[in-house]
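The values are calculated or read from the model by the stated rules, or taken from the named source; none is laboratory data. Not measured: the values here are computed from a predicted model. Cβ sites come from the backbone with ideal geometry, for glycine too, and all protein chains shown count toward neighbours. To get the accessible areas, we keep the full protein, side chains included, count just its heavy atoms, and leave off ligands, DNA and RNA. Shrake-Rupley method; radii C 1.70, N 1.55, O 1.52, S 1.80 Å.
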Amino acid sequence: MASRTSPRPPQVRELRLPGLADGDPADLVGSADLESVRYADLTLSRLDLPGARLSGVRLQGVSAAEADLTGARLDEVHLDLVDLPVVRAGRSQWREVQVTGRLGSVEAHEAQLRSVHFIGCKLGFVNLRGAELLDVAFTDCVVEDLDLVQCRARRVGFAGTRVTNLRVQDSELHDLDLRGARLDGVAGLMHLRGSTLSPAQLADLAPAMAAELGIGVGD
């Protein structure tokens, strides 16, 4: 797990979406094709966008008990101060997406995330099993459970972020920088190849690593 060079950081940029028109909430339906529109301060029972295409879209201050983004494609999308306790986003595609707010249970198995930045988010259970992550950053977030099992992740970083439980079994990791994360627990320690830990993190995880390898430690 040791690396001779520093991991390459995620390549994410600040998302700018000027000149957006106000969108019609009636257009927020499955398989919608939404482009260069803005939705603000909406309270919905459900946000149903399965199979939809969103390009150059801002959802600002939008809350819904459940959001369905299954198979949706998000391209240059800003989810700004959203409140979405349940998000279903299996096999969705996210490119140039910025997220702030609260997302509870996020089911994003087999999704593709490219240049995605979570900023100041409160996240519950995040299921990214079998997903592909490229240039993904978590900044000042709280994540209760992050499932990266069988995930392919490259250039993923955590800055000022607390992760209560991290799962990485059978994952393929490259430039996964965990040094800025507070890790309460890691499952699959022997699958952390391709990641970078701080000396303090390594010391904290050493007993669990020894136990997983069947190594006894004593004076």
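Go through (1) of a type in the set (Asp, Glu); (2) open to solvent by 40 Å² or more (accessible area, probe 1.4 Å); (3) more than 25 Å from Ala64 (Cβ to Cβ); (4) in contact with a Ser or Thr (Cβ under 9 Å, 6 or more places away or on another chain) and name the single condition Asp135 misses.
Result: Asp135 passes all but (2).
Checking Ser6 against (1) within 18 Å of the chain's Cα centre (by Cα); (2) open to solvent by 30 Å² or more (accessible area, probe 1.4 Å), which single condition isn't satisfied?
Evaluating Ser6 over (1) within 18 Å of the chain's Cα centre (by Cα); (2) open to solvent by 30 Å² or more (accessible area, probe 1.4 Å) leaves (1) as the failure.
For the subset of the stretch 71-124 comprising residues that are among the hydroxyl-bearing types (Ser, Thr, Tyr) and within 12 Å of the chain's Cα centre (by Cα), which member is nearest to Gly23 (Cα to Cα)? First the steps, then the outcome.
As a first pass, look at the stretch 71-124 and keep what is among the hydroxyl-bearing types (Ser, Thr, Tyr): 92, 100, 105, 115.
Of the ones still in play, those that are also within 12 Å of the chain's Cα centre (by Cα) are 100, 105, 115.
Values: Thr100: 20, Ser105: 27, Ser115: 25 Å.
Here the residue is Thr100.
For the stretch 50-79, name all the residues that are buried (at least 21 other Cβ atoms within 10 Å of the Cβ) and of a type in the set (A, V, I, L, M, F, W, C).
Within the stretch 50-79, Ala52, Leu54, Val57, Leu59, Val62, Ala64, Ala67, Leu69, Ala72, Leu74, Val77, Leu79 qualify.
Just the residues that are small (Gly, Ala, Ser) and closer than 18 Å to Val37 by Cα, please, taken from the stretch 52-69. Outline the logic, then answer.
First, the residues of the stretch 52-69 that are small (Gly, Ala, Ser): 52, 55-56, 61, 63-65, 67.
Scanning the stretch 52-69 gives Ala52, Ser55, Gly56, Gly61, Ser63.
Give the residues of the stretch 12-49 that are in a strand (DSSP E or B), open to solvent by less than 70 Å² (accessible area, probe 1.4 Å), over 21 Å from Arg114 (Cα atoms) and not hydroxyl-bearing (Ser, Thr, Tyr), sorted by residue number.
Ala21, Val37, Ala40, Leu44, Leu47, Asp48
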